[in-house]
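K.L.:
Here you go, one structure.
We did not get these values from a lab; they are worked out from the coordinates using the rules stated. Keep in mind that what you see is a predicted model, and the values were worked out from it rather than measured. Cβ atoms come from the backbone with ideal geometry, glycine included; neighbour counts cover every protein chain shown.
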Amino acid sequence: MPELVYPPVIATAKTMFRVLDLKISVDGAHHVPRSGGAVLASNHVSYLDFIFCGLGALESRRLVRFMAKQSVFAHKISGPLMRGMRHIPVDREAGAGSYATAVDALRRGEVVGVFPEATISRSFTVKDLKSGTTRMAREAGVPVLPVAIWGTQRLWTKGRPRTLTRRHTPVTILIGEPMQPADWPDAAAMTLALRERLTALVDRAQREYPHAPTGPTDRWWQPAHLGGTAPTPAEALELDRAGRN
């Protein structure tokens, strides 16, 4: 089936990146296989992460099918685009259907993108991961590639106003080595290992990031353990439980 929607969406995104002069750095793109199924498992700090995670696969000429909330597909503008790009809707009331669709896509040789934290991390650290990512990889017999995204929270994240016209913002994309399901005894063990690898990649992205806060009011996008004013993981968990935006 021809790709009629995805290529022009990518071209539009690249044009916007150039206009905004975003400083996008991708490292590890060679880990994305040029054929066959794979799962890209990314940390989640921004509403824009799926766009940048997908960029990491372009060098291998792969189009990533992301799993996203059903509400995004129901939107009158984003819905047609999401369906046209063959992304996978996730209905949290009927998760088995979404899971089966993703496994089928992997078995057909697609690259599927997931955010195993399920929601944006307010602390900008890696939260506990859902096991669905590793379970689907094991069932389909495909590798999982950990992906770290950093800098996107400065453009649009939970609890902060959108700054989509912000110029010259660095965005880091790090893709780790493939994790083969056969190397772990079960999905639980692989999920723990995936969290460790994601945490290491995110830590590297944070420490190598070329920008620093410009002053006390600009420390919000840094995690607390690096001197930022983002909520600690414990505080973020309480905010999530309270349903705060």
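K.L.:
Go through region 204-215 and give me each residue that's surrounded by 15 or more Cβ atoms within 10 Å (Cβ to Cβ) and in a helix (DSSP H, G or I).
P.N.:
Initially, region 204-215 is screened for residues surrounded by 15 or more Cβ atoms within 10 Å (Cβ to Cβ), giving 204-206, 209, 213.
Residues satisfying the conditions are Arg204, Ala205, Gln206.
K.L.:
In this structure, is Leu22 out of contact with any helix residue (DSSP H, G or I) (no Cβ under 6 Å at 6 or more places or on another chain), buried (at least 18 other Cβ atoms within 10 Å of the Cβ) and more than 16 Å from Arg197 (Cα to Cα)?
P.N.:
It is true that Leu22 is out of contact with any helix residue (DSSP H, G or I) (no Cβ under 6 Å at 6 or more places or on another chain), buried (at least 18 other Cβ atoms within 10 Å of the Cβ) and more than 16 Å from Arg197 (Cα to Cα).
K.L.:
Is region 27-43 home to any residue that is over 29 Å from Gln180 (Cβ atoms), out of contact with any Gly (no Cβ under 7 Å at 6 or more places or on another chain), outside any helix (DSSP H, G or I) and not aliphatic (A, V, I, L, M)? Before the answer, list the steps.
P.N.:
The initial filter retains those residues of region 27-43 that are over 29 Å from Gln180 (Cβ atoms), namely none.
Checked region 27-43: no residue is over 29 Å from Gln180 (Cβ atoms), out of contact with any Gly (no Cβ under 7 Å at 6 or more places or on another chain), outside any helix (DSSP H, G or I) and not aliphatic (A, V, I, L, M).
K.L.:
Across region 119-133, which residue is nearest to Met190 (Cα to Cα) among those that are surrounded by 18 or more Cβ atoms within 10 Å (Cβ to Cβ) and either over 15 Å from the mean Cα position of the chain (by Cα) or of a type in the set (Gly, Ala, Ser) (or both)?
P.N.:
Gly132
K.L.:
So which pairs qualify, if the first residue must be in region 18-31 and at positive phi, the second must be acidic (Asp, Glu) and surrounded by fewer than 16 Cβ atoms within 10 Å (Cβ to Cβ), the Cβ gap must be under 8 Å, and the two must be at least 6 apart or on different chains?
P.N.:
Gly28/Glu177
K.L.:
While we're on this one: Can you name every residue in region 156-203 that is under 15 Å from the mean Cα position of the chain (by Cα) and part of a loop (DSSP other than H, G, I, E, B)? Walk me through it before giving the result.
P.N.:
The initial filter retains those residues of region 156-203 that are under 15 Å from the mean Cα position of the chain (by Cα), namely 156-158, 171-176, 194-195, 197-199, 201-202.
Within region 156-203, Trp156, Thr157, Lys158, Gly176 qualify.
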